[in-house]
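Below: one structure, written as structure tokens.
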Amino acid sequence: MLSDELRAVALQEARAAAGMLFGQIAFRRGIDLEDGLEQALDAVDQVYQGFLAMLAGTSRMSVELGTPREQNTTHPDSERGLMATITDTQEFDVTITTADGRGFATADALTYEVDDEAVVSVVGATDEDSHTATVRAGAPGSALVTITDSAVTPPLTAAVAVTVTAGPTVAVNITEGEPREQAPA
């Protein structure tokens, strides 16, 4: 539960920020007084809720992706950026950091959702440690992994786009056709 002091600070900051964002309330012909006040109060409330969330708990999330490695090994294969492209034999670790408005780490429980589980799966995230997980390749294709912190309102989300390509060739099958006569030369 937030103290009245924190709520007062958030409301003061919201009023100041709303004034800077939306300017002074100006009433013009054709605008109802009640509608104008309601719009101004909605603007202040929107900013207030944002400041209150910053003071109360997690307000940001960052995602760090590990280097791809062959599944079931610990040898890193290559460097990568935030969008991941891996082969169908690879996996990589994901480390999520959540922090409050002042930058202090929070321990909110995170959930992972994959839009195409045939392409990738998320393993290793537990109730005790949902801030680390492994993204494991399946079939070639593209998938979006969405990480959500529902402990705050509105929930924070981060997404990682993963493209899985076919791995290196490991087998060659040759199928012989039916014999036929060569065309005359």
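No lab work stands behind these numbers, since they all come straight from the coordinates. All of these numbers come straight from a predicted model, not from anything done at the bench. Every residue, glycine as well, gets a Cβ built from its backbone with ideal geometry; the counts of neighbours run over all protein chains shown.
Below are the figures for this structure:
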read-out: Nearest-0.05 FRET efficiency for E176 and D93, computed from C-beta distance (R0 41 Å); value: 0.35
read-out: Proxy reagent accessibility, fewest Cβ within 10 Å first, across D93, D115, D100; value: D115, D93, D100
